[in-house]
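Only one structure is covered here, and it is reproduced in the block below.
The values are calculated or read from the model by the stated rules, or taken from the named source; none is laboratory data. Just so we're clear, the structure is a prediction, and the values are computed from it rather than from any experiment. Glycine gets a Cβ as well: all are built from the backbone with ideal geometry, and neighbour counts include every protein chain shown.
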Amino acid sequence: MEQGATTEPISGHSRGKLKRQRAILDAAREIMAQTGEAGLTMFALATRAGVSPATPYNLFGSKQAILQAVYEEDMREFHAGFDERASSDPLARIFDLGDLSIEHWSNSPDFYKALLMVLSRNGGPGVDGAWSPGRSYARQLIKDLAASGGLVAKAPLAALSTALVRTLKSVGQEWVDGELTLEQAGRDVGIAFGVVLTGFVTPQTKAALADILDRYGASDDRS
């Protein structure tokens, strides 16, 4: 008889806890999309989720912790979609980071505006990454570009990845504040990514970068 790894069965108590957590996270998404932060109280969460008023506190501790959990779950979904849809070309993948982030927000703009506004204002773990997959994800994209020969040998990889995240965060904040449409935000992110990379790409990569920037209308700014 073959011996294989076994997993402990999930107890009824654990299943019930997971079900209540799922209901609360779904309720938070629905309320944020419909009313923004104004309607997001712990009592409203409990009512929408069909649990007792004490349950959100018992399972998460605070409203901020619930929103952080919603954000982290959303980022896992984004990562999975990005890996599936992004280009295989290392340079193009960096710009896909911006394009697909903007597209992601456009799927439920009211929800993302409210979520990003609350997370940025209140702070908390991972908030710097609330505008993108985060520095570690961006750093891997930069490392992949360097490994492909697309960046000069002394390119500051960590600084470049941080600049990408800060660019997305800055432009995203302007969108949240109502200063940009998502279409404008997408264009600005693309051009800004190009500006970040321009001084560090190899001569062989410059033509491809110029072609990408033309896609965002950067040539219009030069005319």
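Structure notes:
- Residue in segment 135-142 that is under 16 Å from residue 99 (Cα atoms), aromatic (Phe, Trp, Tyr) and either touching a helix residue (DSSP H, G or I) at 6+ places or on another chain (Cβ under 6 Å) or free of Cβ contacts under 8 Å to residues at least 40 places away in the same chain (or both) present: no
- Looking only at segment 83-92, and only at residues there that are part of a helix (DSSP H, G or I) and surrounded by fewer than 19 Cβ atoms within 10 Å (Cβ to Cβ), the one that is modelled with the highest pLDDT: 92
- Output for segment 105-162, where each listed residue is modelled with pLDDT of 80 or more, part of a loop (DSSP other than H, G, I, E, B) and among the hydroxyl-bearing types (Ser, Thr, Tyr): 108, 148
- In segment 46-75, the residues that are farther than 13 Å from residue 19 by Cα and at pLDDT 95 or above form Cβ pairs under 8 Å with partners that are part of a helix (DSSP H, G or I) and among the charged types (D, E, K, R), at six or more places apart or across chains, as follows: 48/30.
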